[in-house]
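Novice: I'd like to ask some things about the structure below.
The values are calculated or read from the model by the stated rules, or taken from the named source; none is laboratory data. Note that the structure is predicted; figures quoted are calculated from it, not measured. Every residue, glycine among them, receives a Cβ derived from its backbone with ideal geometry; neighbour counts consider all protein chains shown. Ligands, DNA and RNA are excluded from the accessible area calculation, which covers all protein heavy atoms including side chains. Shrake-Rupley method; radii C 1.70, N 1.55, O 1.52, S 1.80 Å.
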Amino acid sequence: MADDPRRAEQRTLKVAGLDQTAEILVDPWGIPHIYAGTVHDAFFVQGFNAARDRLWQLDLWRKRGLGRLSESFGPAYVAQDRACRLFLYRGSLEDEWAAYGADAKAWSTAWIEGYNAYVGLVRARRAPRPVEFELTGSEPATWTLEDLVRIRSHGLIRNAEYEMIRTRVIAAAGLDADRLRRKLEPEHTRTIPEGLDPDDLPPDVLADYFLGTKEVAFGAKAGTVDHWTSSEEASAHGSNNWVVAPHRTATGRAMLASDPHRVLGAPSIRYVCHLEAPGLSVIGAGELHLAGVTIGHNGKIAFGITIFPADQEDLYVYELNPANPRQYRYDGGWEDMRLVREQIAVKGQAPREVELCFTRHGPVLKIDEAAGRAFALRTVWSEPGTSSYFSASRYQTSSNWPEFKQALTHWGAASMNFVYADVGGNIGWATAGKLPRRDNWDGLMPVPGDGRYEWRGFLDPETELPSVYNPAKGWFQTANEMNLPEGYPAEANKVGFEWADPSRAIRIETVLAANDRVTLQDSADLQVDDYSLAALRAVALLKGLSSPDPEVARALALLEAWDGHVSEKSAAAAIAEVWLNKHLPQHTIAKAAPASGVVPVTPGATYAVTTYLESPDAMLGSDPGAARREVLLASLRSALDEIGGRLGPDMSAWRWGDLHHARFAPAAAAAADPALAERMTHGPLPLRGSATTPCAATYRMDDFAAITGASFRMVVDVGDWDNSLVINSPGQSGDPDSPHYGDLFPLWAKGEFVPMLYSRPAIENVARQVIRLDPD
């Protein structure tokens with residue numbers, strides 16, 4: 001242990017349920033290193049410790065996922081509870097557990113036991129109760145094993161919102177207008193499925209979908225959702241990862257980097273943890289409610305993830321029986337919906353009875369009796385083995401590529417790019433996920449639910465999903481771009497046609513290709529790189545333009561001289577970002593497809609609009625070149641007006657960081673008094689980057705505040721594990737009184753890292769807290 005006793009606070013607790021004494025060593029950055037005598041105890045302590053640091057977050061996660069918010073917080077949440085219950089897994093639990101492998105149920109059982117043990121201490125007032133329970137007048141609940149796997153609505157499945165938006169655009173402005181909203185890759189011809197009338201889709205068709213997948217809000221926004229905001233945030237999820245072979249690193253060892261991008265907030269969606277027991281050794285970050293980790297290493301192999309944007313959802317449209325609106329047309333006849341009636345307990349009031357309807361395809365999102373239509377969602381969520389990230393249990397103890405690759409054949413959701421590296425110097429990439437086989441449509445729009453459009457099983461993960469082992473170039477990267485290999489049968493397999501702007505991927509690829517001696521710091525720097533190829537591509541459209549407007553002329557000069565780095569102190573970056581991501585798409589769409597203006601611009605439009613403006617056509621009128629010049633200058637003028645209104649008239653004083661910032665406030669802060677709310681809030685701090693830079697920091701268009709970005713960052717020195725780097729944000733703890741509540745936030749915002757220590761001597765040398773847990 002640390003030589004100086006002042007450096008390590010010592011605590012001992014007696015806990016029922018442990019087999020043997022265990023220890024939690026907490027390092028200076030709040031990372032718990034758990035040492036246990038059995039695998040059961042390791043996961044028991046992980047659950048106990050997760051509750052110790054993040055009890056409120058976990059309790060809210062469960063209540064939202066199960067549709068039990070009203071029971072604790074009152075009638076404002078009844079609609080959200082009903083929506084959440086639509087997406088619960090309702091299949092065989094035996095099949096569900098079998099899908100995750102031999103260890104998952106035992107590991108999860110131990111995790112639940114540990115979590116519930118800590119809840120028992122809190123309820124007995126033997127451990128601190130997080131302040132949020134006092135603010136909301138609620139108590140933490142214990143969990144059952146089934147809670148973990150029945151909840152599906154916290155995952156990242158796609159593309160129902162894109163189907164809805166595309167259909168509304170086409171209904172308003174025609175098929176061609178969707179080119180300005182989303183670029184399809186590989187090249188693919190849009191068609192309207194036979195039997196679908198785009199006008200049949202009401203604007204609120206996904207209201208329950210968004211309500212059932214949104215985070216919990218308190219105060220005035222309790223139980224409500226702005227579905228366009230939800231779509232904007234869902235569209236912004238991303239991630240970067242890469243692996244480098246030993247012959248291209250400075251260390252002569254393999255290197256792996258992973259920084260998954262998710263919704264930013266307090267506390268972080270992820271948690272860094274280290275588990276040691278006989279037969280188990282793993283460190284990294286994971287979903288807070290799962291045993292083990294999702295991203296990290298086990299002393300033999302390292303692994304990282306990014307979203308592989310495959311299409312795992314379909315929206316179905318049904319004709320209702322005029323004589324019975326709970327029947328829908330299928331295969332030439334009328335088929336009954338399955339009706340489920342449930343009681344929703346409501347704090348301070350009588351329970352509410354709600355009706356949930358299901359077709360053979362999935363939960364019914366809307367019944368429009370007047371129009372004779374119903375709408376349901378088919379999603380892999382309903383299949384066994386698709387609780388988000390849960391299949392990580394299969395690969396955490398893998399020791400080589402064949403074992404790891406075999407484990408991924410069972411991966412359900414969300415669909416992922418996995419990168420791999422091992423102590424033998426091998427590297428690899430594999431895609432994974434349960435992907436529907438659609439023989440006669442492409443999944444881009446809703447389809448009639450009458451039997452003409454059915455999934456024909458799932459793609460074979462071993463033969464129909466791409467992977468690479470020890471690529472000849474010595475490295476591999478992914479960043480949500482279209483990365484199907486050349487020659488892949490994209491039209492036959494229909495994995496998906498909606499991918500991220502490739503700018504992040506191209507930048508990472510360019511940097512790695514130019515460096516045959518990659519250091520750990522090189523990878524760390526690349527994770528926080530703020531170079532935007534997307535913005536420079538758009539700025540190139542302005543080349544040769546001039547304006548009699550002195551402010552526009554000055555902005556053109558600034559942009560022409562700009563180096564493409566979206567840094568906090570750059571005026572040109574502020575102009576480029578506000579212009580490209582907000583005003584250019586709005587002006588282009590208003591000129592080329594004005595009728596589609598009924599649908600707000602979403603993040604994917606910037607890539608589509610820039611691509612279109614590089615080769616404009618008759619959508620812009622009889623003189624596309626002149627119209628393009630008009631759009632470019634008018635949109636730039638509009639962007640300058642907005643920035644000037646926010647930052648003042650002096651363009652030389654503009655800074656991107658004065659617009660783009662990180663401010664994280666937990667939802668429960670809305671129920672706190674001003675002093676406590678301030679203490680619960682992190683920031684604001686200025687941020688570099690944007691959605692199209694490796695240092696991903698997607699922002700809201702109304703105030704440019706960051707909404708998604710790196711939920712955590714990790715760079716692994718494969719084989720010399722103590723050299724690895726990591727950062728979480730804003731801190732490991734969810735307790736505003738903890739020193740680890742916000743200690744990592746300024747480091748994360750500045751692009752800095754802390755050590756991810758693995759060996760016990762290194763950890764003992766820096767430990768700041770030692771918690772000994774004895775069996776009771």
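Novice: Hey, how many Å between the Cα centroid of the range 348-365 and the Cα centroid of the range 639-706?
Specialist: Cα centroid of the range 348-365 versus Cα centroid of the range 639-706: 39 Å apart.
Novice: Percentage of Cα-Cα pair distances in the range 259-398 greater than 28 Å, rounded to whole percent? If you can, show how the numbers build up before the last one.
Specialist: Details: 4627 of 9730 pairs.
In whole percent, the long-distance tail amounts to 48.
Novice: Separate question: Compute the separation of the alpha-carbon centres of the range 82-145 and the range 418-438 and state it in Å as a whole number.
Specialist: Centre-to-centre (Cα) distance: 30 Å.
Novice: To continue, here is another question. Picking from 286, 323, 358, whose Cα lies most toward the positive end of the charge dipole for the range 266-368 (charges on Cβ: Lys, Arg +1; Asp, Glu -1)?
Specialist: Looking along the dipole axis, the top candidate is 286.
Novice: How big is D for the range 463-582, in µm² s⁻¹ as a whole number, if Stokes-Einstein is applied with the Kirkwood radius of its Cα pairs at 10 °C and 1.306 mPa s? If you can, show how the numbers build up before the last one.
Specialist: On the way: Rh = 17.2 Å.
The estimated diffusion coefficient comes to 92 µm²/s.
Novice: With unit charges on the beta carbon (Lys/Arg positive, Asp/Glu negative), name the residue among 653, 675, 762 whose Cα is farthest towards the positive pole of the charge dipole of the range 651-776.
Specialist: Working it through, the farthest residue towards the positive pole turns out to be 653.
Novice: Would you mind checking 543/569; 183/214; 434/494 for any pair whose Cα atoms are more than 18 angstrom apart?
Specialist: Values: 543/569 24 Å; 183/214 26 Å; 434/494 13 Å.
Cα-Cα > 18 Å for 543/569; 183/214; rest within.
Novice: Let me ask something additional. With the contact rule set at Cα under 8 Å and sequence spacing of 6 or more, what percent relative contact order holds for the range 657-775?
Specialist: Values: 177 pairs, mean separation 22.3, N = 119.
Normalised by residue count, the contact order of the range 657-775 is 19 percent.
Novice: What dipole magnitude, in Debye to the nearest 20, does the chain give about its Cα centre under +1 on Lys/Arg Cβ and -1 on Asp/Glu Cβ?
Specialist: Values: 77 positive and 101 negative charges, 150 e Å.
Once rounded to the nearest 20, the dipole reads 720 debye.
Novice: Multiplying the sequence separation of residue 452 and residue 765 by 0.36 nm and subtracting their Cα-Cα distance, what value in nm do you get? If you can, show how the numbers build up before the last one.
Specialist: Numbers: separation 313, 0.36 × 313 = 112.68 nm, distance 6.50 nm.
Extra length available between residue 452 and residue 765 comes to 106.2 nm.
Novice: Loop by DSSP (not H, G, I, E, B), at most 13 other beta-carbon atoms within 10 Å: where is the longest site-free stretch of the chain for GluC sites (Glu not before Pro)? Don't skip to the answer; put the middle values down first.
Specialist: On the way: sites that count: 187, 194, 369, 462, 486.
Looking at the chain, 487-776 is the longest stretch - no exposed GluC sites (Glu not before Pro) with at most 13 other Cβ atoms within 10 Å.
Novice: What number comes out for the charge environment of residue 75, summing +1 per Lys or Arg and -1 per Asp or Glu over other residues with Cβ under 13 Å away? Mind dumping the intermediate values first?
Specialist: Details: positive: 82, 347, 352; negative: 71, 81.
With Lys, Arg at +1 and Asp, Glu at -1, the net is +1.
Novice: Only Lys, Arg, Asp and Glu count, each charged at its Cβ (+1, +1, -1, -1), so figure out the dipole size of the range 502-621 about its Cα centre, rounded to 20 debye.
Specialist: Details: 9 positive and 14 negative charges, 64 e Å.
Roughly 300 debye for the range 502-621.
Novice: How much mean residue ellipticity at 222 nm does the chain get from its helices, if each DSSP H run of length 4 or more adds -39500 (n - 2.57) and you divide by all residues, to the nearest 500 deg cm²/dmol?
Specialist: On the way: 25 runs with 239 residues, N = 776.
The helix-only estimate for the chain comes to -9000 deg cm²/dmol at 222 nm.
Novice: Here is a follow-up. Mind checking the alpha-carbon convex hull of the range 651-706 and giving the volume per residue in Å³? The partial results should precede the final answer.
Specialist: Numbers: hull volume 6.1 nm³, N = 56.
In the range 651-706, the Cα convex hull volume per residue is 109 Å³.
Novice: Also, I was wondering about something else. Counting just the Cα atoms, what span does the range 243-334 cover along each of its three principal axes? Round to the nearest Å and put the largest first.
Specialist: 72, 32, 31
Novice: Then there is this: Over all alpha-carbon pairs of the range 1-75, lay out the pair-distance distribution in 5 Å bins, whole %, shortest bin first.
Specialist: With a bin width of 5 Å, the distribution comes to 3, 13, 19, 18, 15, 13, 9, 6, 3, 1, 0.
Novice: So what's the projected area for the chain, the Cα convex hull averaged over all directions, in nm²? Present the calculation step by step, with values, prior to reporting the outcome.
Specialist: Working: hull surface 132.8 nm².
Approximately 33.2 nm², given one-decimal rounding.
Novice: R0 = 22 Å: FRET efficiency of residue 560 with residue 646, Cβ-based, nearest 0.05?
Specialist: 0.40
Novice: I'd like the distance between the alpha-carbon centres of the range 257-305 and the range 726-776, rounded to an integer number of Å.
Specialist: Their Cα centres are 14 Å away from one another.
Novice: Please report, in whole Å³, the volume per residue of the convex hull around the C-alpha atoms of the range 1-135. Mind dumping the intermediate values first?
Specialist: Numbers: hull volume 20.3 nm³, N = 135.
Expressed per residue, the convex hull around the Cα atoms of the range 1-135 is 151 Å³.
Novice: Now a separate question. I'd like the carbon and sulfur percentage of the solvent accessible area for the range 464-592, probe radius 1.4 Å, heavy atoms only, ligands and nucleic acids excluded.
Specialist: Percent of accessible area from carbon and sulfur atoms in the range 464-592: 53.
Novice: Around residue 17, what is the net charge, scoring Lys/Arg as +1 and Asp/Glu as -1 over all other residues with Cβ under 13 Å from its Cβ?
Specialist: Numbers: positive: 14; negative: 19, 41, 113, 774, 776.
Result for the local shell: -4.
Novice: Shifting gears a bit: How far apart, in nm, are two points set 7 Å out from the Cα along the Cα-to-Cβ line at residue 663 and at residue 11?
Specialist: With each label placed 7 Å out from Cα toward Cβ, I get 3.3 nm.
Novice: Heavy-atom accessible area per residue, the range 513-645, 1.4 Å probe: how many Å²?
Specialist: Working: 5290 Å² over 133 residues.
On a per-residue basis, 40 Å².
Novice: Give me the dipole magnitude in Debye, nearest 20, for the range 344-481 about the Cα centre, with unit charges on the beta carbon: positive for Lys and Arg, negative for Asp and Glu. Show your work: numbers first, answer last.
Specialist: Details: 14 positive and 15 negative charges, 39 e Å.
The calculated dipole for the range 344-481 is roughly 180 debye.
Novice: Between residue 90 and residue 20, what is the spin-label point distance in nm, taking each point 7 Å from the Cα along the Cα→C-beta axis?
Specialist: About 4.6 nm separates the two model spin labels.
Novice: Which value, in Å to one decimal place, does the Kirkwood hydrodynamic radius take for the range 591-642 when every pair of different Cα atoms is included?
Specialist: Details: mean 1/r = 0.0834 Å⁻¹.
One over the average 1/r among Cα pairs gives 12.0 Å for the range 591-642.
Novice: Further question on the same structure: Residue 43: accessible area at probe 1.4 Å, nearest 10 Å²?
Specialist: Estimated to the nearest 10 Å², residue 43 gives 0 Å².
Novice: Can you pull the three principal axis extents for the Cα set of the range 403-518, in Å, largest first?
Specialist: 58, 33, 24
Novice: I need the calculated FRET efficiency for the pair residue 720 and residue 187, taking r as the beta carbon distance and R₀ as 51 Å, to the nearest 0.05. Don't jump to the answer; show the numbers that get you there.
Specialist: Details: r = 45 Å, r/R0 = 0.88.
The formula returns an efficiency of 0.70 here.
Novice: Let me ask something additional. As I understand it, the dipole of the chain uses +1 on the Cβ of Lys and Arg and -1 on the Cβ of Asp and Glu, about the Cα centre. Which of 29, 106, 386 lies farthest toward its positive end?
Specialist: Final value for the positive-end residue is 29.
Novice: Something else now. Rounded to the nearest 0.05, what FRET efficiency is calculated for residue 472 and residue 224 with R0 set to 41 Å and r the Cβ-Cβ distance? Intermediate values should be presented prior to the final figure.
Specialist: Numbers: r = 53 Å, r/R0 = 1.30.
Once rounded, the FRET efficiency stands at 0.15.
Novice: Would you mind computing, in nm to one decimal, how far apart the modelled labels at residue 703 and residue 409 are, each placed 7 Å from Cα along Cα→Cβ?
Specialist: Going from the residue 703 label point to the residue 409 one covers 5.0 nm.
Novice: State log₁₀ I(q)/I(0) for the range 593-706 at q = 0.10, 0.14, 0.16, 0.23 Å⁻¹ as given by the Debye formula over alpha-carbon point scatterers of equal weight, solvent excluded.
Specialist: -0.47, -0.82, -0.99, -1.33
Novice: Mind computing the radius of gyration and Dmax over the alpha-carbon atoms of the range 641-776? Å is fine for both.
Specialist: 18.9, 68
Novice: Right, another one. Can you tell me how much longer the chain between residue 341 and residue 324 gets when fully stretched, taken as 0.36 nm per residue apart minus their C-alpha distance, in nm with one decimal?
Specialist: That works out to 4.3 nm of additional length.
Novice: Can you give the convex hull volume per residue for the Cα atoms of the range 379-431, as a whole number of Å³?
Specialist: Numbers: hull volume 3.5 nm³, N = 53.
Measuring per residue, one finds 66 Å³ for the Cα hull of the range 379-431.
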